[in-house]
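Novice: Sharing a structure here in structure tokens format.
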Amino acid sequence: MNTASRMESTSLPGRIQVSQATLDLLCDAQPSRWEPTGGVEVKGGWPTTTSLAPAPCALCTEGN
């Protein structure tokens, strides 16, 4: 299973889950808005730290 599929399948409906590396690149001025998820196990059995985007996420609701 690839990383993107694992991230999507372990996320909450309508939410965007990102890795810590992605969160670091976003340079969010309010990092406390992101909800830690406890991480997921990705390809090779390696755990990775993940967070959920603040709700409601404009990317999730755009066009609805």
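The values are calculated or read from the model by the stated rules, or taken from the named source; none is laboratory data. As the structure is a prediction and not an experimental result, all values here were calculated from the model. Ideal geometry is used to build each Cβ from the backbone, glycine not excepted, and the neighbour counts take in all protein chains shown. In case anyone asks, the SASA skips ligands and DNA or RNA and just uses the protein heavy atoms, side chains included. Shrake-Rupley method; radii C 1.70, N 1.55, O 1.52, S 1.80 Å.
Novice: Determine the shape class of segment 14-54: with a ≥ b ≥ c the square roots of the Cα gyration tensor eigenvalues, call it rounded for a/c under 1.5, and otherwise prolate if a/b is greater than b/c, oblate otherwise. Before the final figure, lay out each step's value.
Specialist: Working: a/c = 2.44, a/b = 1.75, b/c = 1.39.
Prolate is the answer for segment 14-54, as a/c is 1.5 or above and a/b outweighs b/c.
Novice: Moving on to the next point. Order of 10-17, 46-53 by packing, highest average Cβ count within 10 Å first?
Specialist: Output ranking for 10-17, 46-53: 46-53, 10-17.
Novice: Taking only protein heavy atoms into account and a 1.4 Å probe, give the accessible area per residue of segment 14-54 in Å².
Specialist: 65 Å²
Novice: Can you give me the distance in nm between label points at Ser9 and Lys43, each placed 7 Å from the Cα along the Cα-to-Cβ direction?
Specialist: The modelled label-to-label distance comes out at 1.4 nm.
Novice: Ranked by accessible surface with a 1.4 Å probe, highest first, in what order do Glu8, Glu35 come? Intermediate values should be presented prior to the final figure.
Specialist: Values: Glu8 145, Glu35 80 Å².
The ranking, largest first, comes out as Glu8, Glu35.
Novice: Another question about this same structure. Probe radius 1.4 Å, ligands and nucleic acids ignored: give me the carbon and sulfur share of the accessible area of segment 14-54 as a rounded percent. Show your work: numbers first, answer last.
Specialist: On the way: 1530 of 2680 Å².
Within segment 14-54, the accessible surface is 57 percent carbon and sulfur.
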